[in-house]
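Data first, discussion second: the structure below is written as structure tokens.
The values are calculated or read from the model by the stated rules, or taken from the named source; none is laboratory data. For clarity, every value in this text was computed on a predicted model and none was experimentally measured. All Cβ positions, even for glycine, are placed from backbone atoms using ideal geometry, and neighbour counts span all protein chains on display. The protein model used for the area step is the full one, side chains on, heavy atoms only, and it has no ligands, DNA or RNA in it. Shrake-Rupley method; radii C 1.70, N 1.55, O 1.52, S 1.80 Å.
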Amino acid sequence: AVLCISGGLPKPTNITFLSINMRNILQWSPPEGLQGAEVTYTVQYFIYGQKKWLNKSECRNINRTCCDLSVETSDYEHQYYAKVRAIWETNCSKWAETGRFYPFLETQIGPPGIALTTDEKSISIVLMAPEKWKRNPEDSSLSMQQIYSNLKYNVSVYNTKSNRTWSQCVTNHTLVLGWLEPDTLYCVHVVSFVPGPPRLAQPSEKHCVRTLKDQTSALKV
Amino acid sequence: GQEFQFGPCRVEGVALQELWEAFRAMKDIVQAKDNITSVRLLRKEVLQNVSDTESCYLLRALLKFYLNTVFKNYLDKAADSRIRKSFSTLANNFFVIASKLQPSQEKEMFSISESARRRFLLFQRAFKQLDIQAAQTKAFGEVDILLTWMERFYQ
Amino acid sequence: DGVAVLPAPQNLSVQSTNMKHLLMWSPVIVPGEIIYYFVEYQGEYESLYMSHIWIPSSWCSPTECPECDITDDITATVPYKLRVRATLGSQTSAWSTLPHPFNRNSTTLTPPVMEVTKDGFHLVIKLEDLGPQFEFLVAYWRREPGAKEHVQVVRSRGIPVHLETMEPGAAYCVKVRTFVKVIGRHSPSSQAECVKVQGETLPL
């Protein structure tokens with residue numbers, strides 16, 4: 001451990017976890033009044049109910065103001081604390097600590113993947129459930145639906161010609177919007193949500209697709 | 001409508017959303033008062049792999065403990081109005097749920113009720129090893145763990 | 001504690017509609033003075049386990065009006081005791097308590113306001129936002145003899161929701177009632193509203 005005069009620096013501020021699909025990033029703001037100083041940071045974390053603070057070796061004496069603790073906090077049924085302190089030359093701050101972090105309750109549910117296909121009067125929507133964060137791309141995937149069995153999707157459909165929007169709440173991953181207007185641009189965006197405790201959810205981007213021209217009217221010409 | 005189904009015990013008339021909002025309003029205040037972070041009362045051994053049938057026995061024991069021991073006298077010490085309001089919501093809804101949990105007392109259910117009692121004793125022993133006020137604060141701060149577990153039985 | 005010289009508020013009552021609860025009382029009048037009122041409540045748990053504990057109302061401690069929206073305070077389906085007192089400077093009245101405890105399961109439920117529209121062949125409904133306690137049981141059918149009635153539970157509030165894909169030339173009707181899960185009660189049904197889809201009816 002670095003020997004330094006504790007409390008010689010102001011603490012880092014705004015220390016929180018940013019969590020999306022169980023990717024848990026600790027982030028903070030630099031201590032006030034140290035602009036220009038070459039401040040480094042050291043992070044530790046703690047599993048509620050256990051005994052010791054644990055080091056995160058990749059986040060010892062770092063310059064950046066964030067630290068990925070996804071691996072250390074991957075058991076989402078546990079609750080955690082994290083803390084960070086600032087170090088500059090021989091001085092270091094006291095620890096700045098998070099509140100109790102509960103991934104199962106606090107992670108944001110990311111949007112599903114969306115694939116749209118269309119013909120003259122219908123749009124087929126295929127949704128891919130958001131995936132839990134994984135350490136390596138080749139690791140097996142775990143869908144957020146396997147963690148939250150009551151995961152649902154709110155599908156919003158905007159008809160650019162009539163300037164009307166309507167929504168539908170679905171649980172399955174395929175949806176066909178029939179009897180649409182030919183040659184019309186429709187925009188779709190989808191939000192995943194889990195009934196229960198209020199959770200932040202990220203809406204998907206807007207996906208727009210145009211229904212095909214009506215072939216029958218084309219043949220009459 | 002939505003309801004709880006703890007094995008044979010069915011509970012209506014409680015909106016889990018209200019309980020979550022009540023807890024969320026005071027989570028940071030109450031959990032910040034809990035300095036004994038090396039102790040977790042509702043450990044995995046208490047709540048993990050509880051069968052549906054066993055859940056009614058276990059929840060009844062836990063809620064009665066919360067009502068009689070954790071919440072009682074807690075308000076005398078809680079000056080913050082946000083805590084008092086959240087406290088009232090949780091206490092009154094726990095009161096409604098507990099009053100509707102009537103697990104069977106028949107002999108063949110003895111092994112299940114006994115398993116639930118052992119789990120509850122794990123929780124109670126951990127609680128009694130702490131100073132009463134610290135234990136009340138800790139148990140109050142762990143209501144999110146209890147609600148998360150209860151949510152699995154919310155239809 | 002000020003000496004109780006002010007008269008206590010009288011005629012306490014609760015008016016509750018669609019889970020919005022309003023406590024009302026007769027104002028205490030002192031010419032030329034502003035009277036402030038303090039409202040407190042006690043749920044069944046507090047009454048039974050800690051009867052000395054009363055909790056200040058979220059919005060009316062204090063208030064100048066002789067009424068108080070206690071909706072945010074009534075957060076369980078149990079009887080609640082409610083009390084009010086008046087203050088004028090250091091003068092304080094005695095507490096006046098609601099004669100009978102109030103339980104939200106007595107609220108009056110009214111048929112919901114709805115807006116039925118169509119977007120091409122799509123039947124769409126928009127329902128008023130009555131709060132998180134409400135679900136909407138939406139019944140819709142094709143207006144023809146022997147038509148089957150479909151029912152859909154809608155929880156989205158205040159946004160247009162897709163109900164049905166309609167067939168050309170047909171007319172569809174909709175009526176709605178609310179269901180409040182925490183008190184297990186429905187409202188009466190709304191009037192039916194119908195829309196007709198342009199285009200000829202499809203040959204059977």
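Annotations for the structure displayed:
- Filter result for the condition that a residue is out of contact with any Leu (no Cβ under 8 Å at 6 or more places or on another chain) and either under 25 Å from C:Ser57 (Cβ atoms) or within 14 Å of chain A (Cβ to nearest Cβ) (or both), over B:Ser38, B:Ser104: B:Ser38
- Selection within segment B:15-29: residues that are hydrophobic (A, V, I, L, M, F, W, C) and under 19 Å from C:Gln133 (Cα atoms). The member of this set that is farthest from the other protein chains (Cβ to nearest Cβ) is B:Ala25.
- Which listed residue, of B:Ile112, B:Ile83, is open to solvent by 40 Å² or more (accessible area, probe 1.4 Å) and either β-branched (Val, Ile, Thr) or closer than 23 Å to C:Phe134 by Cα (or both): B:Ile112
- Filter result for B:Asn68 (within 30 Å of C:Val39 (Cβ to Cβ), open to solvent by less than 10 Å² (accessible area, probe 1.4 Å) and part of a helix (DSSP H, G or I)): no
Okay, residues lined up against (1) open to solvent by less than 10 Å² (accessible area, probe 1.4 Å); (2) within 14 Å of chain B (Cβ to nearest Cβ):
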{"site": "C:Asp73", "(1), (2)": "yes, yes"}
{"site": "C:Gly89", "(1), (2)": "no, no"}
{"site": "C:Glu128", "(1), (2)": "no, no"}
{"site": "C:Leu137", "(1), (2)": "no, yes"}
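- Residue in segment B:48-57 that is of a type outside the set (Phe, Trp, Tyr), in contact (Cβ under 8 Å) with a residue 40 or more places away in the chain and under 25 Å from C:Glu46 (Cα atoms) present: yes
- Cross-chain or 6+ apart pairs with Cβ under 6 Å, segment C:101-116 first and closer than 19 Å to C:Gln42 by Cβ and of a type outside the set (Lys, Arg), then at pLDDT 95 or above and outside any strand (DSSP E or B): C:Pro101/C:Pro79; C:Asn103/C:Pro79; C:Asn105/C:Thr77; C:Asn105/C:Ile183
- Taken over segment B:41-62, the criterion of being more than 11 Å from every other protein chain (Cβ to nearest Cβ) and assigned to a loop (DSSP other than H, G, I, E, B) is satisfied by B:Asn49, B:Val50, B:Ser51.
- Filter result (in a loop (DSSP other than H, G, I, E, B) and farther than 18 Å from C:Met24 by Cβ) within segment C:67-92: C:Thr75, C:Ala76, C:Thr77, C:Val78, C:Pro79, C:Gly89, C:Ser90
- Scanning segment B:1-14 for residues that are at the interface with another protein chain (Cβ under 7 Å from one of its Cβ atoms) and open to solvent by 20 Å² or more (accessible area, probe 1.4 Å) gives B:Gly1, B:Gln2, B:Glu12.
- Flag not set for C:Pro9, criterion: surrounded by fewer than 20 Cβ atoms within 10 Å (Cβ to Cβ) and either out of contact with any strand residue (DSSP E or B) (no Cβ under 9 Å at 6 or more places or on another chain) or at pLDDT 95 or above (or both).
- Among the residues of segment A:131-184, just one is among the hydrophobic types (A, V, I, L, M, F, W, C) and in contact with a helix residue (DSSP H, G or I) (Cβ under 7 Å, 6 or more places away or on another chain), namely A:Leu151.
- From the options C:Ala170, C:Ala94, residue that is within 12 Å of another protein chain (Cβ to nearest Cβ), farther than 30 Å from B:Glu18 by Cα and either open to solvent by less than 50 Å² (accessible area, probe 1.4 Å) or modelled with pLDDT of 90 or more (or both): C:Ala170
- Segment A:148-164 residues that are at pLDDT 90 or above, paired with ones that are of a type in the set (D, E, K, R) and assigned to a strand (DSSP E or B) (beta carbon under 8 Å, 6 or more apart): A:Tyr158/A:Arg164; A:Asn159/C:Asp119; A:Ser162/C:Asp119; A:Arg164/C:Asp119
- Taking strands (runs of 3 or more DSSP E) as the structural unit, those lying wholly within segment A:123-186 and holding at least 2 residues that are within 10 Å of another protein chain (Cβ to nearest Cβ) correspond to A:152-159, A:164-170, A:174-177.
- Wholly within segment A:1-116, strands (runs of 3 or more DSSP E) carrying at least 2 residues that are of a type in the set (Ser, Thr, Tyr) and within 29 Å of B:Lys33 (Cβ to Cβ): A:13-20, A:40-47, A:80-88
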